[in-house]
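I have placed the structure first, in the form of structure tokens, so that the comments after it can refer back to it.
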Amino acid sequence: MPKKKDLFQQFITEMNILNIDQIEAKKLFDSSWKIEKEEVENNFDMWIAKIKYGIIPLDEGDYVKALIHALRIAPKLVSSDYGSSRQRDLGQLWTDTTRGFLGEIALAKFVKKRFDIKFLLDYTLGDIADYLPSDIKKVELPDGAQIDPKIRVSFKSTKFNGIWLDEPGAQIERSDAFILIKLGIGRDHFVGFWKNLGVISDLLIPYAQEIGAIDNKISKKILGNLPDFTLVPSYIVGFIDKESINNIPTSNYKYIPRHSKNGAFKYYELLNYIGWVEESGKPINIPEHLKNKPFRFASTKKIPKTKSFITSTTFLKSSKSAWMSLANQIIQ
């Protein structure tokens with residue numbers, strides 16, 4: 001059996017070829033190792049081929065598109081942080097919304113690359129709820145003809161270390177397929193973008209010098225410490241459709257007990273799960289003898305406060321044939 005460190009180094013090498021740095025690649029590897037260790041160990045070549053098939057790099061132009069559309073929408077979302085009473089400031093909301101649009105752009109580039117069809121996304125202003133699921137406005141076929149999509153598709157973005165796709169019950173009723181996209185967007189991308197654009201060097205720093213906030217020496221030090229913008233890696237993980245949601249497998253969960261330092265049982269950590277979750281965050285589709293036990297979902301502290309359907313990435317469809325089938329459903 002190959003050792004984890006050897007598989008990791010091989011993975012890092014493959015990701016480096018795709019311009020994914022080691023920090024983001026490690027997040028991707030560790031999240032998979034946590035919930036599908038056996039597949040990584042026993043079918044490493046197939047597993048890494050699956051990931052490479054879904055990798056799509058996003059450039060500065062893609063980032064601009066996401067930023068500007070997010071800036072149009074973010075002010076409408078300030079008063080209502082969906083699914084929570086928590087209020088975020090406009091700056092955070094802007095970057096969060098940008099991440100969602102980057103996921104949509106990544107998916108559009110994926111289907112163009114793999115199936116030669118183009119998603120025309122809907123960026124029009126409307127009700128706040130309209131921005132939560134994403135809509136394909138039209139589909140452009142290889143011959144240039146534009147058609148309405150035949151099914152409704154919902155997109156969701158998460159970070160490279162994310163392992164869950166969750167959808168509120170209302171969205172399950174609204175859409176036919178649900179796609180998860182991982183984004184390797186780090187803390188440096190936002191600042192790096194403004195640095196590359198010249199906003200910091202040509203506007204902010206000269207103004208700060210003009211009002212006496214900093215001198216030339218400090219200005220040089222600030223610019224020298226700022227990161228440059230790099231490609232944003234994305235990974236189109238997979239999708240789940242209504243048929244899978246309506247036919248939950250019996251082996252739909254995997255968990256491990258967690259204990260305190262003195263050995264006392266604390267809770268069960270769900271590594272894999274597909275099924276419904278109560279408003280309280282408790283999984284519904286588990287055996288009766290476990291329903292009164294405390295559970296937590298691995299690698300996340302944020303569970304929707306509404307009845308939702310949630311699945312780990314293990315249960316998502318991601319084969320080439322599955323993607324082809326979904327593409328055909330969208331256009332036929």
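We did not get these values from a lab; they are worked out from the coordinates using the rules stated. All values derive from a computational prediction rather than experimental measurement. FYI the Cβ positions are ideal-geometry reconstructions off the backbone, even for glycines, and counts take in every protein chain you see.
Things worth noting here:
- Gaussian network model of the chain, Cα within-10 Å springs - most flexible of 91, 212, 281: 212
- Residues considered: 280, 154, 318. Largest GNM mean-square fluctuation over the chain, using C-alpha springs under 10 Å, is found at 280.
- Inter-centroid distance (Cα atoms) of the stretch 7-84 relative to the stretch 137-214, Å: 12
- 17 Å reach of a label modelled at residue 59, 7 Å along Cα-to-Cβ, counting backbone N of the stretch 5-31: 18-20
- Computed over all pairs of different Cα atoms, the Kirkwood value for the hydrodynamic radius of the chain is 21.8 Å.
- Gyration tensor verdict on the stretch 155-224 (Cα atoms; rounded if a/c is under 1.5, prolate if a/b is larger than b/c, oblate otherwise): prolate
- Within the chain, DSSP assigns beta bridges of which about 80% are antiparallel (rounded to the nearest 5).
- Cβ-based charge dipole, the stretch 4-55, positive-most Cα from 9, 22, 35: 22
- Expected 222 nm ellipticity per residue - DSSP helices of 4 or more, -39500 (n - 2.57), all of the chain, to 500: -13000 deg cm²/dmol
- Positive-end residue of 101, 292, 235, charge dipole of the chain with Cβ unit charges: 292
- Dipole check for the chain: with +1 at the C-beta of Lys and Arg, -1 at the C-beta of Asp and Glu, and the Cα centre as origin, the magnitude is about 1000 Debye.
- Separation of alpha-carbon centers, the stretch 286-330 and the stretch 218-273, rounded to whole Å: 12
- Lysines whose Cα lies under 19 Å from that of residue 217, excluding same-chain neighbours fewer than 8 positions away: 195
- Violating pairs (Cα-Cα greater than 32 angstrom) within the set 293/320; 27/109; 4/65; 26/137; 37/113: 293/320; 4/65; 26/137
- Local electrostatic count, residue 158, Cβ distance below 10 Å [Lys/Arg +1, Asp/Glu -1]: +3
- Projecting the Cα atoms of 255, 117, 330 onto the charge dipole of the chain, computed from C-beta unit charges around the Cα centre, puts 255 farthest toward the positive end.
- Residue among 240, 20, 256 with the largest mean-square fluctuation in a Gaussian network model of the chain, springs linking Cα atoms under 10 Å: 256
- Taking the convex hull of Cα positions in the stretch 4-55, its mean projected area over all directions (nm²): 3.1
- Within the stretch 4-55: Cβ-based charge dipole about Cα centre, in debye rounded to nearest 20 (Lys, Arg +1; Asp, Glu -1): 120
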